[in-house]
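Dropping a structure here in structure tokens format, bear with me for questions.
The values are calculated or read from the model by the stated rules, or taken from the named source; none is laboratory data. Source: prediction; values computed, not measured. Cβ placement follows ideal geometry from the backbone for every residue including glycine, while neighbour counts extend to all protein chains displayed. Ligands, DNA and RNA are excluded from the accessible area calculation, which covers all protein heavy atoms including side chains. Shrake-Rupley method; radii C 1.70, N 1.55, O 1.52, S 1.80 Å.
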Amino acid sequence: MSTMNFSVPEKVKEEFNEYFAGENKSAILTKMIEAAINEKKIQARRAKAMDAILEFRKTAKPISDEEIYQIRQEIRE
């Protein structure tokens, strides 16, 4: 295992210790860090997808509502 050191406001430290008293604080912080990492990964994938969509829209021909309706009906059949 590695060790990480963080500086946090005293109030945050006090509340963390109060609410997680008697629990494995290292495990709790590990889960929080993992969740934050996963959220960043999701945000990066969303940004990449949005960039791809916006790039596609630059060259895609517009289609009417009627065309969309017909395509949806074909997919459903």
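Can you tell which of A49, A35, A60 shows the greatest fluctuation in a Gaussian network model of the chain with Cα springs below 10 Å?
Per the Cα network of the chain with a 10 Å cutoff, A60 tops the list.
Given a 1.4 angstrom probe, what's the average accessible area per residue across the chain, in square angstrom?
99
Using only Cα positions of the chain, each an equal point scatterer, no hydration layer, compute I(q)/I(0) via Debye at q = 0.11, 0.14, 0.25 Å⁻¹ and quote the log10 values to two decimals.
Each listed q maps to, in turn, -0.60, -0.70, -1.13.
Could I ask something else about it? Can you send over the carbon and sulfur percentage of the accessible area for the chain, probe radius 1.4 Å, protein chains only?
Details: 4330 of 7660 Å².
On the chain, the fraction of accessible area on carbon and sulfur atoms equals 57 percent.
Another one. With everything on Cα atoms, drop me the angle between helix 25-59 and the longest principal axis of the chain, reported from 0 to 90° to the nearest 10.
The helix 25-59 is inclined about 20 degrees to the chain.
With a 1.4 Å probe and every protein chain left in place, tell me how much accessible area M50 has, in Å² to the nearest 10.
Here the residue's solvent-accessible area equals roughly 100 Å².
Oh, and also: Under a cut-off of 15 Å between alpha-carbon atoms, report the aspartates and glutamates in cross-link reach of K48, not counting same-chain residues fewer than 8 places apart.
E39
Please sort by residue number the GluC sites (Glu not before Pro) in segment 5-44 whose DSSP state is loop and whose Cβ has at most 14 other Cβ atoms within 10 Å.
Answer in residue order: E23.
Now a separate question. Return one number: the angle in degrees, 0 to 90 and rounded to the nearest 10, between the long axis of the Cα atoms of helix 65-76 and the longest principal axis of the Cα atoms of the chain.
Between the helix axis and the principal axis of the chain, the angle is about 80 degrees.
Using Cα positions and a limit of under 23 Å, work out the lysines in reach of K25, with same-chain residues fewer than 8 apart set aside.
K11, K13, K40
What ranking of Y69, Y19 comes out by heavy-atom accessible area, probe 1.4 Å, highest first? Please list the in-between numbers first.
Values: Y69 125, Y19 160 Å².
The most accessible residue leads, giving Y19, Y69.
If you rank K25, K61 by how much accessible surface each has, with a 1.4 Å probe, what is the order from largest down? Intermediate results must be reported in sequence, preceding the final value.
Numbers: K25 70, K61 145 Å².
The residues order as K61, K25, largest area first.
What do you get for the angle between helix 10-19 and the principal long axis of the chain? Use alpha-carbon atoms, 0 to 90 degrees, nearest ten.
Value to nearest ten degrees: 90.
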